[in-house]
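Visitor: Pasting a structure here, questions to come.
The values are calculated or read from the model by the stated rules, or taken from the named source; none is laboratory data. Keep in mind it's a predicted model, so treat the numbers as computed, not measured. Reconstructed Cβ throughout: ideal geometry from the backbone, glycine too, with neighbour counts over all protein chains shown.
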């Protein structure tokens, strides 16, 4: 099935209850199966410049590179490898653009952004992330965090210095160890995973997962999944009810059906007529 | 900045600011906090401070270290924690507010180099205890050097291999962050079924989300919010009615003794006395 019909995508971004403006940015290209979410930081109102540049540049870059022509001869494994390379390359370009803009414009000095981006194709997804914006997956009513934050706290958890429970009361929650646009180069972490019909994917900024527990996210996804718009609104509302201390962005992708790519001879012949 | 107040039998002896990455405590004179008492080991404990967080670690002392009355090996210090070493007590104060101002609350910042961890000059956490030494080395290395990939160990895409393993169960029910959600200001409420097979049954609205109706036919959700209970249509061609009028696309606040009709079943919402 065409990707645009196989995936249902909903995005909500909200300034929260404390911040005057929204430094988060989301962009989706349903026809390509691409979703991008960025949480900007730094500078006087420059956070949204960085996150806006990141989402638009990366979405546009993927649109240019992820074409029927480029994918025509690739088998599934090659397509997965290509998606990772392309994502890395486009994030790298966006990083340079944000870094240069920050150097030129004093108002934008020090701006940067976190990123989580997904590309769905042929029943797999490729995810790239930098910083503490997250991808979760719900499958068979179990919620799992797919990405692990590039943050001081996550490193402390990994090294055993602090437990996951204690981490909730840490003073160092807000420190990320990687961000886009801060240095001339950035390392994007990319992985590919199998996608199954019925999966629900959640991309979010830390304004969601700092305010509400994973259990509550899971409960909301289970209770309301038949209405994806409402699910997204409810998640944002719950984060706001819990204080809404940061901008909150939520993107939900529901896999309505499989989206495998036909590669037989017949499919190739048919593709000439498309 | 965090600090410790050292006291014995209620008499304050001194105040120590935790301005070093590693503050040592023991009987021997080279310790940052020297406690000259035979119940205290030569090198008794160390307090590691990373930015605004502090951890205490017992250095395999003879008589042990208690925090809030419980023996600990390593502990993440919270404001007002009381450390006991023999008869001496150290109270931990960290008044660095988690939110300096509402505006600045948890503004995300990038940390590019370890702010205090400098490998050469200061040993990491538990340099004298082998088990923990590797962990702090890990932090320093991660922060300063090449950072390893950190996505979860979910099975990556492998062709010909069946899909990902069954997801591991989500984290055990950790205590919820103190949040406004289940705030005490929200009165307890319930719905009582008035018609149909389940007539007479009462359902307490103890969760933040309660769905009612028939899945696939007509479903609504009742959300518990700081300012009351709200009902919203979730799925189905027909919308529920509240006191005889059809619920719109938006959430509607429920009042005491409101009559809900959904999927042919009547029920009443009420606040508990």
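Visitor: Just the residues that are surrounded by 16 or more Cβ atoms within 10 Å (Cβ to Cβ) and out of contact with any helix residue (DSSP H, G or I) (no Cβ under 8 Å at 6 or more places or on another chain), please, taken from the stretch B:222-232.
Guide: B:222, B:224, B:229, B:230, B:231
Visitor: Looking only at residues in the stretch B:199-221 that are loosely packed, with under 13 Cβ neighbours inside 10 Å and more than 34 Å from the chain's Cα centre (by Cα), which one is modelled with the highest pLDDT?
Guide: B:201
Visitor: Please go through the stretch A:96-121 and pick out each residue that is part of a helix (DSSP H, G or I) and under 14 Å from residue A:39 (Cα atoms).
Guide: The answer is A:98, and nothing else.
Visitor: Another question about this same structure. Residues being farther than 17 Å from residue B:232 by Cβ and either at the interface with chain B (Cβ under 9 Å from one of its Cβ atoms) or touching a strand residue (DSSP E or B) at 6+ places or on another chain (Cβ under 8 Å) (or both): count how many of those fall in the stretch A:245-264.
Guide: Total meeting the criteria: 12.
Visitor: Is it the case that some residue within the stretch A:34-56 is touching a helix residue (DSSP H, G or I) at 6+ places or on another chain (Cβ under 6 Å), away from chain B (no Cβ under 14 Å), assigned to a strand (DSSP E or B) and under 17 Å from residue A:117 (Cα atoms)?
Guide: Scanning the stretch A:34-56 turns up at least one residue that is touching a helix residue (DSSP H, G or I) at 6+ places or on another chain (Cβ under 6 Å), away from chain B (no Cβ under 14 Å), assigned to a strand (DSSP E or B) and under 17 Å from residue A:117 (Cα atoms).
Visitor: Given the conditions (1) without any contact (Cβ under 8 Å) to a residue 12 or more places away in the chain; (2) more than 8 Å from chain B (Cβ to nearest Cβ); (3) buried (at least 18 other Cβ atoms within 10 Å of the Cβ), which single one is not true for residue A:159?
Guide: Failing condition for residue A:159: (2).
Conditions tested, residue by residue: (1) within 12 Å of another protein chain (Cβ to nearest Cβ); (2) in contact with a strand residue (DSSP E or B) (Cβ under 6 Å, 6 or more places away or on another chain); (3) under 30 Å from residue A:41 (Cα atoms); (4) at pLDDT 90 or above.
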{"residue": "B:6", "(1), (2), (3), (4)": "no, yes, no, yes"}
{"residue": "B:10", "(1), (2), (3), (4)": "no, no, no, no"}
{"residue": "B:15", "(1), (2), (3), (4)": "no, yes, no, yes"}
{"residue": "B:19", "(1), (2), (3), (4)": "no, no, yes, no"}
{"residue": "B:26", "(1), (2), (3), (4)": "no, no, no, yes"}
{"residue": "B:66", "(1), (2), (3), (4)": "no, yes, no, yes"}
{"residue": "B:81", "(1), (2), (3), (4)": "yes, yes, no, yes"}
{"residue": "B:100", "(1), (2), (3), (4)": "yes, no, yes, no"}
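Visitor: Can you name the residue in the stretch A:120-156 that is more than 8 Å from chain B (Cβ to nearest Cβ) and without any contact (Cβ under 8 Å) to a residue 40 or more places away in the chain and is also nearest to residue A:251 (Cα to Cα) among such residues?
Guide: The selected residue is A:151.
Visitor: Given the conditions (1) within 7 Å of chain B (Cβ to nearest Cβ); (2) surrounded by fewer than 21 Cβ atoms within 10 Å (Cβ to Cβ); (3) modelled with pLDDT under 95, and given that residue A:182 satisfies all but one, which numbered condition is not satisfied?
Guide: (2)
Visitor: Moving on. Could you tell me which residue of the stretch A:213-233 is farthest from the chain's Cα centre (by Cα), considering only residues that are assigned to a helix (DSSP H, G or I) and more than 7 Å from every other protein chain (Cβ to nearest Cβ)?
Guide: Result: A:222.
Visitor: Here is a further query. Of everything in the stretch B:224-236, what is facing chain A (nearest Cβ under 8 Å) and farther than 13 Å from residue A:227 by Cβ? Give them in sequence order.
Guide: Hits for the stretch B:224-236 are B:225, B:226.
Visitor: Scan the stretch B:42-65 residue by residue and report those that are free of Cβ contacts under 8 Å to residues at least 60 places away in the same chain, in a loop (DSSP other than H, G, I, E, B) and within 25 Å of residue A:162 (Cα to Cα).
Guide: B:44, B:52, B:61, B:62, B:63, B:64
Visitor: Another question about this same structure. Would you point out which residue out of A:117, A:94 is away from every other protein chain (no Cβ under 12 Å), surrounded by 24 or more Cβ atoms within 10 Å (Cβ to Cβ) and touching a strand residue (DSSP E or B) at 6+ places or on another chain (Cβ under 6 Å)?
Guide: A:117
Visitor: Return only the number of the condition from (1) under 30 Å from residue A:1 (Cα atoms); (2) in contact (Cβ under 8 Å) with a residue 24 or more places away in the chain; (3) facing another protein chain (nearest Cβ under 7 Å) that residue A:173 does not satisfy.
Guide: That leaves (1) as the condition not met.
Visitor: Out of (1) in contact with a helix residue (DSSP H, G or I) (Cβ under 8 Å, 6 or more places away or on another chain); (2) at the interface with another protein chain (Cβ under 10 Å from one of its Cβ atoms); (3) modelled with pLDDT of 90 or more; (4) surrounded by fewer than 16 Cβ atoms within 10 Å (Cβ to Cβ), what's the single condition that is false for residue A:89?
Guide: Condition not satisfied by residue A:89: (2).
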